[in-house]
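Computed from the coordinates by the stated procedures, all read-outs in this text should not be read as laboratory data. Only a predicted model underlies this, so the values are computations on that prediction, with no experimental measurement involved. Cβ placement follows ideal geometry from the backbone for every residue including glycine, while neighbour counts extend to all protein chains displayed.
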Ligand SMILES: *Cc1c(COP(=O)(O)O)cnc(C)c1O
């Protein structure tokens with residue numbers, strides 16, 4: 001199987017985290033989002049331990065909240081010693097409500113409103129990762145008003161060549177995020193930040209992209225960032241403590257994706273950083289990383305009930321499910337690949353080529369096209385693997401479809417971490 005938390009039980013049913021997925025469908029209904037708690041914790045501890053081992057003292061992984069955000073995930077993250085990054089006042093509110101230590105939270109985002117900045121400061125947020133000059137001014141002003149100095153990092157775009165790394169587009173000079181090193185604007189912003197009284201600049205951030213399987217793009221970005229850090233430290237006689245390398249480690253969605261050894265990648269990036277820091281004549285900075293997908297993706301699985309199995313003679317077959325783009329818009333958005341099983345007959349040969357179609361009134365509402373599964377009939381269940389990241393987080397109520405619950409699996413037990421939305425929830429905001 002794709003990951004070792006996916007298996008086949010005695011009855012031929014697909015199992016996840018050692019539990020029968022068909023029985024879970026019967027207990028909780030479908031669509032159903034499962035989350036393997038031990039896998040989440042295991043993934044977190046790989047980062048926590050590897051970063052402790054290979055980087056300098058105050059280096060930490062930050063859970064990228066946007067991949068999956070609900071109260072329970074912050075409790076687990078805090079217990080596992082992860083820090084977190086949030087990108088909106090909403091994510092901040094969820095983290096705070098879960099009791100996440102605010103001093104370990106970093107506020108990202110390319111457009112922080114005055115109100116969001118104020119809310120974050122009132123909650124005692126530790127760090128802002130500043131995107132642009134306007135918000136730098138506002139953070140400085142609000143910190144001044146409150147009579148304290150706000151710790152910040154600046155988000156910079158290292159200007160990674162998109163021709164060398166086709167998939168890597170968030171760190172490009174023309175990105176909407178951050179401030180460009182290449183154009184001289186980053187240095188201007190730094191000089192300006194250093195002149196302000198109510199912000200303390202401690203380092204830089206860059207994020208180059210997502211679903212990256214090799215370490216070279218991270219090393220290339222780090223080279224640019226370290227050289228720039230050395231230049232700034234010498235020119236302005238400042239000591240910068242942190243380099244935040246963002247998120248982006250890839251995850252195995254299908255059999256032909258590579259198997260990734262995160263600990264080894266972190267070790268290799270660390271030795272690269274150490275050598276490059278020495279070459280630039282600076283002390284190795286403490287490192288922050290922001291994994292999202294690689295923490296939660298393979299801890300997730302989504303289950304659906306099959307409605308119809310429609311074969312258009314001479315063309316193709318559709319298997320209709322009771323969810324779709326409302327709980328997983330990633331195929332519709334980017335053609336993302338997934339591994340799919342007939343959960344009732346995971347032991348049978350996957351010889352029925354079909355397209356898994358969602359139930360929205362939208363012909364693009366597909367989960368996968370032309371994949372092979374054991375042929376299902378109405379009432380059987382379809383499992384889509386590795387759905388922990390950017391599925392629930394991106395879900396919607398299009399066609400007034402209630403969001404599924406998140407059911408956590410741990411040591412043979414299951415419990416509701418986020419309840420299923422009800423029809424009453426669907427009209428809860430409507431005026432009479
Ligand atoms: C999306 C994002 C992440 C997380 O990326 P993954 O690919 O899920 O690891 C981290 N940092 C920033 C700034 C992001 O935009």
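Okay, here's what the table says:
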| item | result |
| --- | --- |
| Acute angle (nearest 10 degrees) that the helix 37-54 long axis makes with the longest principal axis of the chain, alpha-carbon atoms | 30 degrees |
| Sequence-separation-based contact order of the range 37-291, relative, with Cα cut under 8 Å and 6+ spacing, percent | 19 percent |
| Helix 185-195 axis, angle to the chain major axis (alpha carbon atoms, nearest 10°) | 60 degrees |
| Residues residue 348 and residue 268, FRET efficiency given R0 of 60 Å [Cβ-Cβ distance, rounded to 0.05] | 0.90 |
| Label-to-label distance, nm, for residues given as residue 275 and residue 399 (7 Å Cα→Cβ offset) | 5.3 nm |
| GNM top mover of 219, 69, 361 - the chain, alpha-carbon springs below 10 Å | 361 |
| Label-point separation, residue 237 to residue 38 (7 Å along Cα→Cβ), nm | 5.8 nm |
| Sites residue 118 and residue 309, calculated FRET efficiency, Cβ-Cβ separation with R0 51 Å, nearest 0.05 | 0.40 |
| Contour minus Cα-Cα distance for residue 49 and residue 173 (0.36 nm per residue) | 41.3 nm |
| Highest-fluctuation residue, 67, 374, 115 considered, GNM on the chain with Cα pairs under 10 Å | 115 |
| Gaussian network model of the chain, Cα within-10 Å springs - most flexible of 148, 106, 128 | 148 |
| Hull shadow area, averaged, the chain [alpha-carbon convex hull, nm²] | 22.8 nm² |
| Extension gain from residue 149 to residue 182, taking 0.36 nm per residue of separation minus the Cα-Cα distance | 9.0 nm |
| Calculated log₁₀ intensity ratio I(q)/I(0) where the Debye formula runs over C-alpha points of the range 129-255, q = 0.21, 0.22, 0.23 Å⁻¹ | -1.17, -1.25, -1.33 |
| C-alpha center-to-center spacing [the range 248-324, the range 5-66] in angstrom | 13 Å |
| Cα centroid of the range 395-432 to Cα centroid of the range 108-126, whole Å | 28 Å |
| The range 63-125, relative contact order in percent, only Cα pairs under 8 angstrom and at least six apart counted | 34 percent |
| Potential lengthening between residue 378 and residue 79 on full extension [0.36 nm per residue; Cα-Cα distance subtracted] | 103.4 nm |
| MRE, 222 nm, helices only [DSSP H, n ≥ 4, -39500 (n - 2.57), over the chain, to nearest 500] | -9000 deg cm²/dmol |
| Förster radius 25 Å - calculated FRET efficiency between residue 337 and residue 361, Cβ distance, rounded to 0.05 | 0.50 |
| Length-normalised contact order of the chain in % [C-alpha pairs under 8 Å, at least 6 apart] | 19 percent |
